[in-house]
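Trainee: One structure, as structure tokens, below. Some questions next.
The values are calculated or read from the model by the stated rules, or taken from the named source; none is laboratory data. Everything numeric here is computed off the predicted structure, so don't read it as measured data. Cβ: placed from backbone, ideal geometry, glycine included. Neighbour counts: every protein chain shown. Note: accessible area is taken over every heavy atom of the protein model, side chains too, but ligands, DNA and RNA are not part of it. Shrake-Rupley method; radii C 1.70, N 1.55, O 1.52, S 1.80 Å.
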Amino acid sequence: MDFYLPKPYGLIIEVDGGVHLLDEIKQKDEVKDCRWLIERKMQTIRILNEEVYDGSYKDIILEYVNSIP
């Protein structure tokens, strides 16, 4: 977990390197994201390092935040 926004957002932000694009790693990430977090009504957003460097991560986070009722 790199960043956490508590309720009402319940958002965990993971900044991932390219290795997380590999199928095996993606599957492990999905399992990790699902078990504990869903029970607590939390969501994980995975952002690639490149999205941090180019600034596009802001749109990803805002899209999630704006979807909260």
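Trainee: Determine, yes or no, whether residue 48 is open to solvent by less than 100 Å² (accessible area, probe 1.4 Å), modelled with pLDDT of 85 or more and touching a strand residue (DSSP E or B) at 6+ places or on another chain (Cβ under 8 Å).
Mentor: The answer is yes for residue 48.
Trainee: Go through (1) modelled with pLDDT of 80 or more; (2) outside any helix (DSSP H, G or I) for residue 1 and report which single condition fails.
Mentor: (1)
Trainee: Considering each residue of region 42-69, count those that are part of a loop (DSSP other than H, G, I, E, B) and closer than 14 Å to residue 5 by Cα, and give that number.
Mentor: So the count comes out to 2.
Trainee: Kindly indicate whether residue 15 is on the phi < 0 side of the Ramachandran plot, over 12 Å from the mean Cα position of the chain (by Cα) and either at pLDDT 75 or above or open to solvent by 50 Å² or more (accessible area, probe 1.4 Å) (or both).
Mentor: Against the criterion (on the phi < 0 side of the Ramachandran plot, over 12 Å from the mean Cα position of the chain (by Cα) and either at pLDDT 75 or above or open to solvent by 50 Å² or more (accessible area, probe 1.4 Å) (or both)), residue 15 does not qualify.
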